[in-house]
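K.L.:
Attaching a single structure in structure tokens format; questions to follow.
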Amino acid sequence: MTEKVFAFKQALGNYPTGVTVVTALNSANEPIGLTVNSFASVSIDPLLILWSLDKRSKLHADFLAAKNFAVNILASEQAQVCTLFASKEDRFAQAKWSTSTLNLPILSDTLSVLQCEAFKQVDAGDHTIFIGHVVDIDNNDKEPLLYHRRQTGPIPTSFYNK
């Protein structure tokens, strides 16, 4: 690893983010999903979001072919869900989930779920950026799960104390 790559990984590894699990159906109509922290809003008009996926991922081709996907924004108590969907285990056999009215696999007890139509895919080096048009939103009164320095956890209560 070059010094610049190491510095890049160190800088971004020290940047706290929220945690999502992106889900969809593959060509066999089976649920697929993985943990993603490269998630961001793009546009209000139209409602667009983005996330990225390494081209070496076993699910890359499935997500390229997916017409729809859901971004499940994890709640603070869902660290195990984050770990599960980052693993190679049978993710959906161990997770609480249901099928949405838009026929997408949706995780239970999340902070929010954004159901999206695939809008655009952008080739970006060793990753593909997936842009989704948000067509349905479900919000719950919960706190988010954060990721920082390879650790997950809730926002510290001291964050809000001034």
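K.L.:
Taking R0 as 25 Å, what's the FRET efficiency between I131 and A86 from their Cβ-Cβ distance, rounded to 0.05?
P.N.:
0.65
K.L.:
Apply the Karplus curve 6.51 cos²θ - 1.76 cosθ + 1.60, θ = phi - 60°, to the phi angles in the stretch 26-31 and return the couplings in whole Hz, x for Gly and Pro.
P.N.:
Going residue by residue, I get 7, 5, 8, 6, 9, x Hz, with x marking Gly and Pro.
K.L.:
Could you work out which residue, out of I131, I106, I44, moves most in a Gaussian network model of the chain, that is, has the largest mean-square fluctuation with Cα springs under 10 Å?
P.N.:
I44
K.L.:
Hey, another quick one. Suppose R0 equals 45 Å. What FRET efficiency, 1/(1 + (r/R0)^6) with r the Cβ-Cβ distance, do T99 and E3 give to the nearest 0.05? Before the final figure, lay out each step's value.
P.N.:
Details: r = 48 Å, r/R0 = 1.06.
With a Förster radius of 45 Å, E is 0.40.
K.L.:
If you don't mind, there's one more thing I want to ask. Determine, from the Cβ-Cβ distance of L12 and S57 and an R0 of 22 Å, the FRET efficiency 1/(1 + (r/R0)^6), rounded to the nearest 0.05.
P.N.:
So, using R0 = 22 Å, E works out to roughly 0.75.
K.L.:
Between beta-carbons, use under 13 Å as the cut-off and find the net charge around A118, counting Lys and Arg +1, Asp and Glu -1.
P.N.:
Charge balance in the 13 Å sphere: 0.
K.L.:
Report, to the nearest whole %, how much of the accessible area of the chain belongs to carbon and sulfur atoms, 1.4 Å probe, protein only.
P.N.:
Summing carbon and sulfur atoms, their accessible area is 54 percent of the total for the chain.
K.L.:
Please report the relative contact order for the chain, taking Cα pairs under 8 Å with a sequence separation of at least 6, and give it as a percent rounded to a whole number.
P.N.:
27
K.L.:
For the stretch 1-82, with the dipole built from +1 on Lys and Arg beta-carbon atoms and -1 on Asp and Glu ones, taken about the Cα centre, which of C82, A11, F39 lies farthest toward the positive end?
P.N.:
Result: A11, furthest along the dipole toward the positive end.
K.L.:
Shape call for the stretch 1-107 from the C-alpha gyration tensor, a ≥ b ≥ c root eigenvalues: rounded (a/c under 1.5), prolate (a/b greater than b/c) or oblate?
P.N.:
The shape class here is prolate.
K.L.:
Still on this structure, I have one more. Rounded, prolate or oblate: which fits the stretch 40-96, taking a ≥ b ≥ c as square roots of the Cα gyration tensor eigenvalues, rounded meaning a/c under 1.5, else prolate when a/b beats b/c?
P.N.:
oblate
K.L.:
Excluding H127 itself, what net charge comes from residues whose Cβ is under 9 Å from its Cβ, given Lys and Arg +1 and Asp and Glu -1?
P.N.:
Computed value for this residue: -2.
K.L.:
Given a 1.4 Å probe and heavy atoms of the protein chains only, how would you sort L102, L50, L111, largest accessible area at the top?
P.N.:
Details: L102 80, L50 50, L111 30 Å².
Greatest to least solvent exposure: L102, L50, L111.
K.L.:
Around N14, under 11 Å between beta carbons, what's the net of Lys plus Arg minus Asp minus Glu among the other residues? If you can, show how the numbers build up before the last one.
P.N.:
Numbers: positive: K9, R149, R150; negative: none.
Neighbourhood net charge equals +3.
The values are calculated or read from the model by the stated rules, or taken from the named source; none is laboratory data. Just so you know, these numbers come straight off a predicted model, no measurement behind them. Cβ atoms come from the backbone with ideal geometry, glycine included; neighbour counts cover every protein chain shown. Heads up: the accessible areas ignore ligands, DNA and RNA and are worked out on the full protein's heavy atoms, side chains in. Shrake-Rupley method; radii C 1.70, N 1.55, O 1.52, S 1.80 Å.
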